[in-house]
1. Shape call for the stretch 110-212 from the C-alpha gyration tensor, a ≥ b ≥ c root eigenvalues: rounded (a/c under 1.5), prolate (a/b greater than b/c) or oblate?
2. Which three lengths, in whole Å and largest first, does the stretch 77-316 cover when its Cα atoms are put on their principal axes?
3. Order these peptides, 230-237, 268-275, by their mean beta-carbon neighbour count within 10 angstrom, highest first.
4. Beta carbons within 10 angstrom, averaged per residue: use that to sort the peptides 243-255, 159-171, 120-132, highest first.
5. How far, in nm, would the chain grow between residue 309 and residue 120 when pulled straight, counting 0.36 nm per residue and subtracting the alpha carbon separation?
6. Pop a pseudo-label 7 angstrom from the Cα along the beta-carbon direction at both residue 219 and residue 252 and give the gap in nm to one decimal.
7. Let me check against my output: what whole-number percent is the relative contact order of the stretch 77-316, with C-alpha pairs under 8 Å and at least 6 apart?
8. Calculate, for residue 284 and residue 111, the FRET efficiency according to 1/(1 + (r/R0)^6) with r their C-beta to C-beta distance and R0 22 Å; round to the nearest 0.05.
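Coordinate-derived values only; no laboratory data. The structure presented is a predicted model; accordingly, all values stated were derived computationally and were not measured. Ideal geometry is used to build each Cβ from the backbone, glycine not excepted, and the neighbour counts take in all protein chains shown.
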């Protein structure tokens with residue numbers, strides 16, 4: 001009778017199986033180790049909404065770095081050309097929108113431009129107010145289109161359009177216009193940044209992108225509240241939030257909804273200031289200690305659900 005050596009069948013507990021994943025956008029590879037008694041399975045890594053992989057927490061499995069393993073056949077140069085084409089096409093479309101305005105004399109036409117300061121907003125408001133009653137929808141569409149254009153390409157000046165909306169339209173219409181255009185423009189900026197900026201960050205800063213995306217994933221259940229908080233408070237400029245959100249892995253749905261809700265309180269202040277547009281000397285005149293206190297209250301309210309969730313989670317754990 002032959003005997004078997006059971007010691008040869010025993011698996012060591014300390015050795016690991018080594019493997020590596022090659023990132024198609026960079027030349028470096030990421031080493032991943034698994035315990036020998038665990039077989040890697042396909043379902044252990046999920047693909048988020050912007051193409052970044054993040055690990056599903058599991059005590060039996062080593063942590064996997066956040067990487068981008070989606071092959072992308074479009075080069076950075078072609079992507080840049082595509083963004084330029086989108087920008088130029090938007091400028092052409094804006095030129096068409098300006099032609100919707102009825103014939104103007106030479107003195108009036110000089111005021112028909114994007115407001116870059118408060119004086120430009122006053123002059124444009126004076127011009128559009130003359131034609132608002134007869135060409136209401138043309139004026140509404142024109143202001144909306146310019147607002148979305150500025151938000152999409154992160155061009156300063158949307159604050160003046162918020163003030164101008166308060167001067168031209170009734171308060172409910174102005175507030176709906178500003179919130180909707182902010183959400184649409186921010187979402188378009190999100191797509192453009194996802195198309196170009198995320199590619200550059202993943203190419204040149206893959207480790208930093210992995211850290212950011214992992215941090216966002218830890219708070220994925222509260223992203224809507226955090227986006228609302230950032231929109232209400234002036235800690236980060238809106239253009240910076242729009243461009244970095246897809247890079248760190250924020251999904252579009254909470255981003256767009258949080259933008260729509262979060263811009264409402266500060267827009268409320270700007271629209272109210274627009275009702276006295278011709279008496280304003282600077283945008284700072286729109287702010288007072290009362291408005292700052294109200295915005296601070298809204299910011300704290302947006303974070304209350306986060307604190308309650310954490311408290312309940314700790315209680316039941």
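1. Working: a/c = 3.26, a/b = 2.54, b/c = 1.28.
Judged from the Cα gyration tensor, the stretch 110-212 comes out prolate (a/c at least 1.5, a/b above b/c).
2. Its Cα atoms span 67, 49, 27 Å along the three principal axes.
3. On the way: 230-237: 16.8, 268-275: 20.8.
Output ranking for 230-237, 268-275: 268-275, 230-237.
4. On the way: 243-255: 20.8, 159-171: 23.0, 120-132: 17.9.
Listed from highest to lowest mean packing, they are 159-171, 243-255, 120-132.
5. On the way: separation 189, 0.36 × 189 = 68.04 nm, distance 4.66 nm.
Length gained, residue 309 through residue 120: 63.4 nm.
6. For residue 219 paired with residue 252, the spin-label model returns 2.4 nm.
7. Details: 256 pairs, mean separation 53.4, N = 240.
Answer for the stretch 77-316 is 22 percent.
8. On the way: r = 24 Å, r/R0 = 1.07.
For R0 = 22 Å, the calculated efficiency reads 0.40.
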